[in-house]
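The values are calculated or read from the model by the stated rules, or taken from the named source; none is laboratory data. Quick caveat, the model's predicted, so the values are computed rather than measured. Methodologically, a virtual Cβ is constructed for each residue, glycine included, from the backbone with ideal geometry; neighbour enumeration extends over all protein chains shown.
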Amino acid sequence: MNKRDTKSTVLIVDDEAEILTALEDLLEDSYEVLSTTSPEHALEILTRVPEVAVIISDQRMPDLAGDQFLARARAVSNAQAILLTGYADINAVISAINTGWVCGYAHKPWDPEMLRAMVANARERYLLGRELSLERALLNGVLANSGNAVSFKDREGRFVRVNALKAAKFGVTPEDCIGRFERDFVDEARAQEVATIEAEVIKQKRPIDTVEERPMPNGVMRWFAVCRFPILDQAGNVTHIGTIQRDVTEQRQMEERLRQSDKMEALGTLAGGVAHDFNNLLMAMLGNLELAAKRIDGDERVARYLRNATAAGRRGAALTERLLSFSRRKEIRSQLLDINETIRNMGDMLERTLGGLVEIKTELDPELWAGRADPEQIELAILNLCINARDAMPEGGVITIATANQDIRKRMPDLAPGRYIRLTVSDTGRGMSAEVRRRALEPFFTTKAGKGTGLGLSMVYGMAVQLGGAIRIQSTPDEGTTIELYLPSADAEPGVSCETDRTAEVPQIDPVRILLVDDDHSVREVTAAHLAALGHTLVEAKDGPGALDIMASDQRFDLLVADFAMPGMTGLDLALRARKVLPDLPVLLITGHAELPEAAENMSLLIKPFRQEELALRIAELIVKD
């Protein structure tokens, strides 16, 4: 219910009982009336009944004069006061106004209508005062406890209210801001930017929201969502401008990481789309090179040519493998790793690669925890980071490689709580602008016109994310760059599989009869040559339906070897249908990018391109297990 719809309480104080009765009769229809002949008793009532809205007090009372009583009442009550007296004592009135906050003065005998109007006005003043006090308390509460920087300015731009957080951003107290302008605390460009937006708020008479990037005293950039809104009078004119500034740095960083993740996922999808065809080409090329290398009859020059071509093909396969790792289409082969030792072993290679203009320093934590990662991927990441650092220092400089343990207790936007190894590569080069820093992890983004692929940092990022880690970039123009790579320690929950060398030793098995199915003639020819060289007997089919037709009349097969990604019927679909004819048939699926579903039993997966030894090992595992 509205406060103005309820009866307010009026306290009447007069040493004459007849006066009290007359005033009670006058006011009791509209107010809750309390009365007393004693000022001291009236003070007790005010202490017990804090909601008294209006006090009507006689001036001349034997125990305590009205102006003195009202001065004491002011200490315990916010009620409006009316002084009532039959004697014209201007000094008493002045005293009551100065010390008792008297809002009205009436003579005895009083005019009933005039006194009613005076009490009604006093009640309205009391209710308005309470509302203002509540709003003031709420505003003070918001200003004091808000996690946002809040301020209010007049039309000319002078601060009239500022909370502590806003003042702290200027390095002063809230009191120091009052009556001063934004330009007194920020540089001219920033002040002009703010003034332009505030002028637009006044012109349009509507809020304007902006997201602003600002450098902090330590050089770190932070983002703020700022809402500037007009405060209007009853005539609709702008009298003040309010500003609420919220730090959204963490939100922006999470959005940036999400966008980065989307881009990497898109790249992974692209890589997955081309990996099958690309790896088919590599399989045909590397397979034929391997077969040719066994038939060169000791010609060392031709052997060298073949080795060089094979190495180039392997690098192409490694590139595809790293591209696929961006979207977790390819698991990283991990093992326990001493990252300090990895860095030490790279010393000579880094010196040769980076050149004489660069000085390499290391700051390795001797108590560093063990990591779990692919050594080749870690070496490649360090090399990429160091090459980027060198390129940022064309006149030479210092690259510092550091390691440290990092125990993260609180969840962060890109890291779960846990134990991490922090691998840092810092340079003294030209640094990055804010725009370059934002895009640094994007696939194919590069500032090295004509010299770079733009995949170096992207690959480092993809590896870190797949391992369950993260990458951070700190850089300021002309002040160098620091890139931090967070990798889970070995005792953290592993995010990757730990595989051993699949070609370590091939068990000897008797020749078996194999149904080979692949829609790519070149790959099928190479695979058939490898299988024939291993002594196995083959029956070939170019697709799934053809293979099923063969099995309809011939079921004497010890193994099915099939390409996973074939049009019309995949290798997995073929295997499941073949199992209806031969329930215990071992299956080897060959693919350039897929992962074998966990539900498939007595099946194995071989990734293209593969060597003859890898093929032999997988066949032996299936046949021996069978």
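Against the test of being more than 30 Å from A434 (Cβ to Cβ) and among the basic types (K, R), the options R214, R123, R190 yield a single qualifying residue, R123. Identify, please: which residue in region 372-425 is β-branched (V, I, T) and within 20 Å of G468 (Cα to Cα) and is, among those, surrounded by the most Cβ atoms within 10 Å (Cβ to Cβ)? In this case the residue turns out to be I421. In region 9-30, the residues that are more than 18 Å from V49 (Cα to Cα) and modelled with pLDDT of 90 or more form Cβ pairs under 6 Å with partners that are of a type in the set (A, V, I, L, M, F, W, C) and assigned to a helix (DSSP H, G or I), at six or more places apart or across chains, as follows: D14/L20.
Out of region 458-476, which residues are aliphatic (A, V, I, L, M) and either outside the structural domain of G418 (by TED's automatic domain parsing) or within 16 Å of the chain's Cα centre (by Cα) (or both)?
Within region 458-476, the first condition is being aliphatic (A, V, I, L, M), and the residues that meet it are 459-460, 463-465, 467, 470-471, 473.
Within region 458-476, V465, A470, I471, I473 qualify.
Being in the same structural domain as A106 (by TED's automatic domain parsing), surrounded by 15 or more Cβ atoms within 10 Å (Cβ to Cβ) and touching a helix residue (DSSP H, G or I) at 6+ places or on another chain (Cβ under 7 Å) holds for only one residue in I45, I56, and it is I56.
Do you know which of the residues in region 102-125 that are in a loop (DSSP other than H, G, I, E, B) and surrounded by fewer than 17 Cβ atoms within 10 Å (Cβ to Cβ) is modelled with the lowest pLDDT? Explain how you work it out, then say what you get.
Of the residues in region 102-125, the ones in a loop (DSSP other than H, G, I, E, B) are 108-111.
Cutting the leftovers down to surrounded by fewer than 17 Cβ atoms within 10 Å (Cβ to Cβ) gives us 108-109, 111.
On the way: K108: 82, P109: 86, D111: 88.
Looking at residues that are in a loop (DSSP other than H, G, I, E, B) and surrounded by fewer than 17 Cβ atoms within 10 Å (Cβ to Cβ), I get K108.
Counting only residues that are surrounded by 15 or more Cβ atoms within 10 Å (Cβ to Cβ) and at pLDDT below 85, region 145-162 holds 2 of them. If you check every pair at least six apart or on different chains, which have Cβ atoms under 8 Å apart with a residue in region 551-579 that is aromatic (F, W, Y) first and a residue that is not in a strand (DSSP E or B) second? Listed pairs, sorted by first residue: F557/M551; F557/L582; F557/L585; F564/T570; F564/G571; F564/L572; F564/A594. Here the condition is being modelled with pLDDT under 90 and in a strand (DSSP E or B); of L606, L538, L589, L596, it holds for L606 alone.
So which of D374, D391, D365 is more than 27 Å from L336 (Cβ to Cβ) and assigned by TED's automatic domain parsing to the domain that holds V425? The match here is D391. For region 171-205, the set of residues classified as in contact with a strand residue (DSSP E or B) (Cβ under 7 Å, 6 or more places away or on another chain) and part of a helix (DSSP H, G or I) consists of P174, C177, I197, E198, E200, V201, I202, listed by residue number. In the set (1) within 17 Å of V150 (Cβ to Cβ); (2) touching a residue at least 24 places away in the same chain (Cβ under 8 Å), the condition left unmet by P207 is number (2). Being surrounded by 15 or more Cβ atoms within 10 Å (Cβ to Cβ), farther than 30 Å from E156 by Cβ and modelled with pLDDT of 80 or more holds for only one residue in E198, E290, E212, E256, and it is E290.
Looking at region 168-194, which of the residues that are of a type in the set (A, V, I, L, M, F, W, C) and within 31 Å of the chain's Cα centre (by Cα) is surrounded by the most Cβ atoms within 10 Å (Cβ to Cβ)? Show your work before the answer.
Taking region 168-194 as the starting set, the residues that turn out to be of a type in the set (A, V, I, L, M, F, W, C) are 168, 170, 172, 177-178, 181, 185-186, 189, 191, 194.
Those still in the list that are within 31 Å of the chain's Cα centre (by Cα) too: 168, 170, 172, 185-186, 189, 191, 194.
On the way: A168: 13, F170: 19, V172: 15, F185: 17, V186: 16, A189: 8, A191: 16, V194: 21.
Ranking the candidates gives V194 first.
When the criteria are applied in full, L165 fails the requirement of being farther than 23 Å from Q253 by Cα and either modelled with pLDDT under 90 or assigned to a strand (DSSP E or B) (or both).
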